[in-house]
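Participant: Before I ask anything, here is the structure I am working with.
The values are calculated or read from the model by the stated rules, or taken from the named source; none is laboratory data. Everything quoted here is computed from the prediction, not taken from an experiment. In this analysis, Cβ positions are derived from the backbone assuming ideal geometry, glycine residues included, and neighbour counts consider all displayed protein chains. Heavy atoms of the whole protein, side chains included, go into the accessibility calculation; ligands, DNA and RNA do not. Shrake-Rupley method; radii C 1.70, N 1.55, O 1.52, S 1.80 Å.
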Amino acid sequence: MRPDAGALRAELGRLEAEGLHRRRRTVEVRPGPGTTAIIDGRCLVNFCSNDYLGLAQHPDVSAALRSASKRWGTGSGASHLVSGHSREHARLEEALAAWTGRERALLFSTGYMANLGVVEALVGRGDLLVEDRLDHASLIDAARLSGARLRRYAHGDATSAATALQSSSGGTALLATDGVFSMDGDLAPLPELAVHARARGAWLLVDDAHGLGVLGSSGSGTLEHLGLDAHDVPVLIGTLGKALGTFGAFVAGSAELIEYLIQRARTAVFTTAMPPALAAATCSALELAVREHWRRERLHSLIARFRAAAHAEGLPLAASETPIQPLVLGSPERALAASAALERAGFWVAAIRPPTVPRGSARLRVTLSAAHEDAQVDALVEALKRALREGHS
Ligand SMILES: *Cc1c(COP(=O)(O)O)cnc(C)c1O
């Protein structure tokens, strides 16, 4: 036996005892193009994916992937700076820059890597990084990696963000926040944060993983929704694996910022470029996301439908107008029991537990998609009502 095996087993035992052990569910088939998944031989309606616009299985996007892979093959073969940067990547970067109203955009392989690379390139030892308490884990890890002094402020509290910014000792300051909070669905107070960042001469970085495609009339995200531009928020991070239904991420900003990141963002420099066919597929998804307004309208009508029905049933709704609709239940056990009851009723809603959310706030995180049907949403609310009632008795 290896010397560490006992310690690992003890830790796994502790996670199990506290209701915090997680396991991956294997999806056998996604019959598509809807939201169903076959798991353990049963067909469930998926209410916990981030495929907000229903593009992850769109036939045009799949066709773009296939056709580009015939031309380009599978792998890019190298990092962007060596020989992996193709015309498909360049085309996608231009489309993302145009969509978000910025001079340039730079692709990353994942949102996690984008946050690590961008933050670490902008701040280091002696600098100040200010973050919302509920920022995504990748922004917290970026802080550790950068070596900058991290100050976290109360969730959504622009005044305490301003106070934290005052604590700077003269180096560079960066204020970083999610646009839409990934586990709560609420929006950051960006207009106020932009004023404070500008007053202090700090960079403002917004990670809009859950706003892109969903908010704003052209779907370009939380900034469009709130009427903010590149002047207010100079650093915009977006991911491609959520509303756009593919995979990857980008940062968009001024020509100087992007040129600097091409030199300095280690998670872009020292990694293989995404497959060119994936960039082509994402271009196709982006065109659909921009052109097909009905997807956003449909999504927002389902959000309103879900909230009205859940409210009428007295379910513990959160203050969220986005497709992320959490029902905070408290203990991990309660969230697990509710998730299991929903699964018996034919719905897949994963229980979200610490460390993804703070202790005492385990929850069901319902996410809605333009691909859901009205009747599925109605049936989910009915099943939630029963699952939560069972949990109480
Ligand atoms: C999902 C997510 C990420 C990570 O993006 P990936 O492309 O999945 O690595 C980063 N930030 C936020 C807010 C997210 O929700």
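Participant: Which one is surrounded by the fewest Cβ atoms within 10 Å (Cβ to Cβ), of the residues in segment 158-168 that are in contact with a strand residue (DSSP E or B) (Cβ under 8 Å, 6 or more places away or on another chain) and closer than 19 Å to Val180 by Cα?
Facilitator: Once the filter is applied, the top-ranked residue is Ser160.
Participant: Only one residue in Val377, Val381, Val366 is in contact (Cβ under 8 Å) with a residue 40 or more places away in the chain and either under 19 Å from the mean Cα position of the chain (by Cα) or not assigned by TED's automatic domain parsing to the domain that holds Ile39 (or both), so which one is that?
Facilitator: Values: Val377 fails: either under 19 Å from the mean Cα position of the chain (by Cα) or not assigned by TED's automatic domain parsing to the domain that holds Ile39 (or both); Val381 fails: either under 19 Å from the mean Cα position of the chain (by Cα) or not assigned by TED's automatic domain parsing to the domain that holds Ile39 (or both).
On inspection, the qualifying residue turns out to be Val366.
Participant: Out of Arg22, Arg42, report the one residue that is touching a Gly at 6+ places or on another chain (Cβ under 9 Å), open to solvent by 80 Å² or more (accessible area, probe 1.4 Å), touching a residue at least 24 places away in the same chain (Cβ under 8 Å) and not β-branched (Val, Ile, Thr).
Facilitator: Arg42
Participant: Can you name the number of the only condition in (1) of a type in the set (Ser, Thr, Tyr); (2) in contact (Cβ under 8 Å) with a residue 12 or more places away in the chain; (3) away from the ligand (no atom under 16 Å from the Cβ) that Ser301 fails?
Facilitator: Condition not satisfied by Ser301: (2).
Participant: Here are Leu20, Leu53: which of them is in contact with a Lys or Arg (Cβ under 6 Å, 6 or more places away or on another chain) and within 25 Å of Trp294 (Cβ to Cβ)? Outline the logic, then answer.
Facilitator: Values: Leu20 fails: within 25 Å of Trp294 (Cβ to Cβ).
The conditions single out Leu53.
Participant: For segment 50-73, does any single residue satisfy the condition of being modelled with pLDDT of 95 or more, under 30 Å from Ala105 (Cβ atoms), surrounded by fewer than 13 Cβ atoms within 10 Å (Cβ to Cβ) and among the hydroxyl-bearing types (Ser, Thr, Tyr)?
Facilitator: no
Participant: Tally the residues that are free of Cβ contacts under 8 Å to residues at least 60 places away in the same chain and touching a His at 6+ places or on another chain (Cβ under 9 Å), restricting the search to segment 243-287.
Facilitator: 0
Participant: Checking Asp141 against (1) open to solvent by 10 Å² or more (accessible area, probe 1.4 Å); (2) over 21 Å from the mean Cα position of the chain (by Cα); (3) touching a residue at least 24 places away in the same chain (Cβ under 8 Å), only one condition comes out false. Which one?
Facilitator: With (1) open to solvent by 10 Å² or more (accessible area, probe 1.4 Å); (2) over 21 Å from the mean Cα position of the chain (by Cα); (3) touching a residue at least 24 places away in the same chain (Cβ under 8 Å) applied to Asp141, the lone miss is (2).
Participant: Another question, then. Going through segment 269-297 one residue at a time, which ones are hydroxyl-bearing (Ser, Thr, Tyr) and open to solvent by less than 10 Å² (accessible area, probe 1.4 Å)?
Facilitator: Thr282
Participant: Let me ask you something else. Can you name the residue in segment 144-155 that is in contact with a strand residue (DSSP E or B) (Cβ under 7 Å, 6 or more places away or on another chain) and surrounded by fewer than 24 Cβ atoms within 10 Å (Cβ to Cβ) and is also nearest to Ser76 (Cα to Cα) among such residues?
Facilitator: By that ranking, first place goes to Ser146.
Participant: Sticking with this one: Tell me yes or no: at least one residue of segment 99-116 is aliphatic (A, V, I, L, M), surrounded by 15 or more Cβ atoms within 10 Å (Cβ to Cβ), in contact with a Gly (Cβ under 7 Å, 6 or more places away or on another chain) and under 17 Å from Ala209 (Cβ atoms).
Facilitator: We begin by selecting, within segment 99-116, every residue aliphatic (A, V, I, L, M); these are 105-107, 113-114, 116.
Add one more test, that the residue is surrounded by 15 or more Cβ atoms within 10 Å (Cβ to Cβ), and what stays is 105-107, 113-114, 116.
After this cut, where a residue has to be in contact with a Gly (Cβ under 7 Å, 6 or more places away or on another chain) as well, the list is 107.
Among the residues that remain, those that are also under 17 Å from Ala209 (Cβ atoms) are: 107.
Yes - at least one qualifying residue is present in segment 99-116.
Participant: Under the condition of being open to solvent by less than 30 Å² (accessible area, probe 1.4 Å) and part of a loop (DSSP other than H, G, I, E, B), which residue from segment 190-214 is nearest to the ligand (Cβ to nearest atom)?
Facilitator: Here is the first cut: in segment 190-214, the residues open to solvent by less than 30 Å² (accessible area, probe 1.4 Å) are 190, 193-194, 197, 202, 204-214.
Checking the rest, the ones that are also part of a loop (DSSP other than H, G, I, E, B) come to 202, 208-214.
Working: Ala202: 20, Asp208: 8, Ala209: 4, His210: 6, Gly211: 9, Leu212: 10, Gly213: 13, Val214: 12 Å.
Applying the filter and picking the extreme gives Ala209.
Participant: Would you be able to tell me the number of residues in segment 198-223 that are in contact (Cβ under 8 Å) with a residue 12 or more places away in the chain and under 14 Å from Gly179 (Cβ atoms)?
Facilitator: 17
Participant: Which of the residues that make up segment 210-252 are modelled with pLDDT of 95 or more, small (Gly, Ala, Ser) and over 19 Å from the mean Cα position of the chain (by Cα)?
Facilitator: Gly227, Ala230
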